[in-house]
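*Asks:* Mind looking over this structure? Questions follow.
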Amino acid sequence: MAAKKPAQDHERRKQISIRGIAPVENVCNIKNSFNRHLHYTLVKDRDVATSWDYYEALAHVVRDHLVGRWIRTHQHYYREDPKRVYYLSMEFYMGRTLNNTMVNLGLENACDEAMYQLGLDIEELEEVEGDAGLGNGGLGRLAACFMDSLSTLGIAAYGYGIRYDYGIFEQKINNGWQTEEPDEWLKFGNPWERARPEYLLPVKFYGRVQQSDKGSKWVDTQLVYAMAYDTPIPGFNNNTVNTMRLWSAKAPNSFNLQFFNSGEYMQAVCDRNLAENISKVLYPNDNIFEGKELRLKQEYFLVSASLQDIIRRYKHSKAGREKNDFECFPDKAAIQLNDTHPSLVIPELMRLLVDEECLAWNKAWDIVVKTCAYTNHTLLPEALERWSVALIEKLLPRHLQIIFAINHLFLEQVKLRWPGDMDRVRRMSMVEENGEKRINMAFLSIVGTHATNGVARIHSELLKTNVFRDFYEMFPERFQNKTNGITPRRWLLMCNPGLSELLSTKLDSDWTTNLDKLQQLKKYCNDEKILNDLMTIKLYNKTKLATYLKATCNIVVNVSTMFDIQVKRIHEYKRQLLNCLHIITMYNRLKRKETEGFVPRTVMIGGKAAPGYHVAKLIIKLVNNIANVVNNDPQTSGWLQVVFLENYRVSLAEKIVPAADLSEQISTAGTEASGTGNMKFMLNGAMTIGTLDGANVEMREEVGEDNFFLFGMTVDEVENIKKEGYYSKMYYDQNTELKEALDQINDGTFSPEDTGLFRDLYNSLVFDDRFCLLKDYQSYIECQQRVNDLYLQPLEWARKCLLNIAASGKFSSDRTIVEYARDIWGVDPSELKLPAPHENSGTEL
């Protein structure tokens, strides 16, 4: 194959570490494999091949290096029969796979050089890949980080989820408004997955319960089939490749020829589509519970297929074959529920053990509790799942019977523990009877598992003292904390190669799997050369982001300004509106020519609003309208710029995070469970401005209070002010700058075409400020001034950034998973490096 001219000059190529120059033999093998896949797999030559063809050929080359490791990993698990961890999640926000896989397999430099020799630019090929957006935000991204860490730690683990045809919607901004377009991530296929039609499992819905002397039987059901699609999840440099198994809904029957003759063909098509709708689309709301039938179907579909697969694997394992019963099932399987979405595992596993496997109720219940554990992800009451009894009875009649029985037996225990306390019994019942009867799925999850954990220390404490206080008093030994973490492979090694290279010259070589070793950086906090290198890397990353924004959005930003960034889902409790009030305040000061000591800023806000969340969509419109006014005002040009980052997603985060100077983590204290974006910014050397909420508390403890910009009320202060009576209008009346900013939102300054456009936002803040923005406003403004003043001292700013990096070791998802393994699952991480496919393992592949 003749080489073509490189897509970019050599100087603009991704920088390759001199510490990892690819061997010539590896580069030649990759080139040959690439040409072979282009020719034989894709049936193309260089004259007609598209960018997608080149990307897919490279993806197949990399996958070839995965397959042997994947097979060998599962041979090892079958041979050793370890306890397996099953992570059930409705969301896995994986992002792109190519670059992450190359990094974990140590192929990045060889692939880069091979593509260069073939006249291709690897960064351009990486940009061709779409995001696997099977998640809304933090919960799904956490699941993805956990899968990476489980493989890196050598834990026998499987991720179970749904293979949605359409992931989180693609956000478009039209005239400042968010519009949603379908995310067709499977449009051109997915080279990373492997369909497993041999694991086609029946999932039942509707029907009725038939009682007999032999027990209960669920009959007259409607069937849908679940087909497995497997994706390999490689660990970092250990040859372990675990599996993420996603289920796709398939209709039970093929078309019947009689439909053509009877004229009912279209009805047959519609019926088939209805069955397959279960895995069609990801629900875009993860902070507002919507009790819709399709969502409940999705949750049971995931649970039913996964449990059938888990039990099948157990029965084929050494322990299952030898014992031929479920006595040691909890010793061989740990099932983790990622929030309440998979909580139907509890009644479904009871149904399978009691109705199908004929175990006694008490024995089955003991197995369920010992096997399952539950992670809570939210403190917001509106996000807790409460399913209608009528809906469950219609869709899953046997499961409702089981839930009622679980609740009855549990409440009997409560009565024994607290005789006569019927108010407590009412509070702790899983069946809520105020209004429409509903099942509280969080209560079911706590009662039916042996461990309940929060995802940051303050969050876990609030679960014990507030949200689930009664249950903590009943089961204090079940409540734990497992502070979230992020994988340093994707969120540093992959997305910030410049910083990674600097760290590799100063730290032990295994820092990427032992992130605590970042503490060694503290000794360099006064080393001017290191601090200057850090600032140079930050400028490079800012320039790279600026280049991307110009190329994709036609937005020009000044890299010499402070990059002040808030990227996360748009929600009132995350307080993007507080950020807007600060922007307007800065704008007004600049209009008054108060420029002395003012640091020029580029404020970037990004995130998606749930399609039905009117207020969140209005906030996006406000941000864009403020940007339109500020960016077109010659008086503020060069001083202040506002950018809304369209279609925020994992691959965009990988560009934004390394470029940030300031990370905005400004939710009301007591509302954010943990957050993981805050950790990503910290790890990449951004300073944080934030409240004592979620993981911010622990971040500040790790880095020291002098290296964190703290503002706002504490959780106790928020509770007290609401108990005493919080009158937000009082703060509006008393604070001149706050009143000016709010009046501008209300009077049409930022919406001259419709002066009443933002009146709802104004009213929600001035008269019903649920998340205490007006109370925290002055503290926030003063804290932002401290940010401004420190940024005027570049070396001191860089020193504090270095200390933030050095203190971020705790927030590796490896640490989180080690804690889950030790305290909840009862498994040990393994430092064993499995043999590579070309090495002798003692068994034939």
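The values are calculated or read from the model by the stated rules, or taken from the named source; none is laboratory data. As the structure is a prediction and not an experimental result, all values here were calculated from the model. Here Cβ is always computed from backbone atoms with ideal geometry, including for glycine, and neighbour counts include all displayed protein chains. Keep in mind that these areas ignore ligands, DNA and RNA; they rest on the heavy atoms of the full protein, side chains included. Shrake-Rupley method; radii C 1.70, N 1.55, O 1.52, S 1.80 Å.
*Asks:* Amide H of residue 281: which non-local residues (sequence gap of 5 or more, or other chain) have their own amide H closer than 5 Å, using H built in the peptide plane?
*Replies:* So residue 281 has HN proximity to 165, 166.
*Asks:* Express the accessible area of region 312-456 per residue in Å², computed with a 1.4 Å probe while the remaining protein chains stay in the model.
*Replies:* In whole numbers, region 312-456 has 38 Å² accessible per residue.
*Asks:* Can you tell me the length gained on complete extension of the stretch residue 504 to residue 838, counting 0.36 nm per residue apart and subtracting the Cα distance?
*Replies:* Here the segment from residue 504 to residue 838 would lengthen by 117.4 nm.
*Asks:* Let me ask something else about it. Past the 22 Å Cα-Cα mark, which pairs from 172/621; 31/655; 722/775; 608/722; 522/833; 204/250?
*Replies:* Check vs 22 Å cut-off fails for 31/655; 608/722; 522/833.
*Asks:* Still on this structure: What's the extension gain from residue 426 to residue 655 if we count 0.36 nm per residue and subtract their Cα-Cα distance?
*Replies:* So the chain would gain 77.4 nm between residue 426 and residue 655.
*Asks:* Along the charge dipole of the chain, which of 807, 665, 329 sits closest to the positive end, that is, farthest toward it, with unit charges on the beta carbon of Lys, Arg, Asp and Glu (+1, +1, -1, -1)?
*Replies:* 329
*Asks:* Next question. Using square roots of five times the C-alpha gyration tensor eigenvalues, list the equivalent-ellipsoid semi-axes of region 559-798 in whole Å, biggest first.
*Replies:* The three semi-axes for region 559-798 are 24, 22, 19 Å.
*Asks:* Along Cα→Cβ, 7 Å out, is where each label goes; now give me the distance between the ones at residue 75 and residue 356 in nm to one decimal.
*Replies:* Here the answer is 3.1 nm between the modelled labels.
*Asks:* Could you put 310, 721 in order of accessible surface area, largest first, with the 1.4 Å probe and the full protein assembly present?
*Replies:* 721, 310
*Asks:* Please compute the Cα-Cα pair-distance distribution of the chain with 10 Å bins starting at 0, giving whole percents from short to long.
*Replies:* Over the chain, the share of Cα pairs per 10 Å bin runs 2, 12, 22, 25, 21, 13, 5, 1, 0 percent.
*Asks:* Using amide H atoms built 1.01 Å from N in the peptide plane, name the residues 5+ places from residue 640, or on other chains, whose amide H lies under 5 Å from its own.
*Replies:* 601
*Asks:* Still on this model: May I ask you to derive the relative contact order of region 559-798, considering only C-alpha pairs under 8 Å and at least 6 residues apart, and to give it as an integer percent?
*Replies:* 20 percent
*Asks:* Now for a separate question. Could you report region 187-259's accessible area per residue, 1.4 Å probe, as an integer in Å²?
*Replies:* 50 Å²
*Asks:* Restrict the search to region 80-122; then list the chymotrypsin sites (Phe, Trp or Tyr not before Pro) that DSSP places in a loop and that have at most 13 other Cβ atoms within 10 Å of their Cβ.
*Replies:* none
*Asks:* Here's a follow-up. Any idea what the alpha-carbon Rg over 2.2 N^0.38 Å comes to for region 134-180?
*Replies:* 1.62
*Asks:* Right, something else. Rounded to the nearest whole Å², what accessible area per residue is found for region 580-660 with the 1.4 Å probe?
*Replies:* Counting only protein heavy atoms, the per-residue value for region 580-660 is 30 Å².
*Asks:* Go through region 126-135 residue by residue and turn each phi into a ³J(HN,Hα) via Karplus (6.51, -1.76, 1.60, θ = phi - 60°); whole Hz please, and just put x for glycine and proline.
*Replies:* Once rounded to whole Hz, the list reads 5, 6, 5, 5, x, 7, 7, x, 8, x.
*Asks:* Once neighbouring chains are kept in place and the probe is 1.4 Å, which whole percent of the accessible area of region 397-504 is contributed by carbon and sulfur?
*Replies:* 51 percent
*Asks:* Region 456-494 to region 509-583: how many Å between their Cα centroids?
*Replies:* Taking the Cα centre of each part, region 456-494 and region 509-583 sit 27 Å apart.
*Asks:* Can you tell me how much longer the chain between residue 219 and residue 828 gets when fully stretched, taken as 0.36 nm per residue apart minus their C-alpha distance, in nm with one decimal?
*Replies:* 215.0 nm
*Asks:* Continuing with the same structure: Scan around residue 195 for amide H atoms under 5 Å from its own, H built in the peptide plane at 1.01 Å from N, and keep only partners 5 or more places away or cross-chain.
*Replies:* The answer is 230.
*Asks:* Rounded to the nearest 500, what is the chain's calculated 222 nm mean residue ellipticity when only DSSP H runs of at least 4 contribute -39500 (n - 2.57) each, over all residues?
*Replies:* Helix contribution divided over all residues of the chain: -13500 deg cm²/dmol.
*Asks:* Sticking with this one: Which percent of the accessible area of region 559-798 is formed by carbon and sulfur heavy atoms (probe 1.4 angstrom)?
*Replies:* Summing carbon and sulfur atoms, their accessible area is 47 percent of the total for region 559-798.
*Asks:* Moving on. Have a look at 720, 685, 232 and report the one farthest towards the positive end of the charge dipole of the chain, computed about the Cα centre with Cβ charges (Lys/Arg +1, Asp/Glu -1).
*Replies:* 232
*Asks:* What percent does the relative contact order of the chain come to when contacts are Cα pairs within less than 8 Å and at least six residues apart?
*Replies:* The normalised contact order for the chain reaches 13 percent.
*Asks:* Given points 7 Å out from each Cα along the Cα-Cβ axis, report the residue 293 to residue 595 separation in nanometres with one decimal.
*Replies:* Result for the modelled spin labels: 6.4 nm.
*Asks:* Relative contact order, percent, of region 145-202 when contacts are C-alpha pairs under 8 Å separated by at least 6 residues?
*Replies:* Normalised by residue count, the contact order of region 145-202 is 22 percent.
*Asks:* Still on this structure, I have one more. Which of the peptides 751-757, 619-625 is most tightly packed, and how do the rest follow, judged by the mean count of other Cβ atoms within 10 Å per residue?
*Replies:* Highest to lowest by the protection proxy: 619-625, 751-757.
*Asks:* Work out from phi, with θ = phi - 60° and the Karplus expression 6.51 cos²θ - 1.76 cosθ + 1.60, the ³J(HN,Hα) of each residue of region 521-531, listed in order in whole Hz, and give x for Gly and Pro.
*Replies:* 5, 4, 5, 9, 5, 10, 8, 4, 5, 5, 5
*Asks:* What is the calculated FRET efficiency for residue 527 to residue 195, with r their C-beta to C-beta distance and R₀ = 60 Å, to the nearest 0.05?
*Replies:* Given R0 = 60 Å and the Cβ-Cβ separation, E is 0.65.
*Asks:* How do 551-557, 444-450 rank on mean C-beta neighbours within 10 Å, highest first?
*Replies:* 444-450, 551-557
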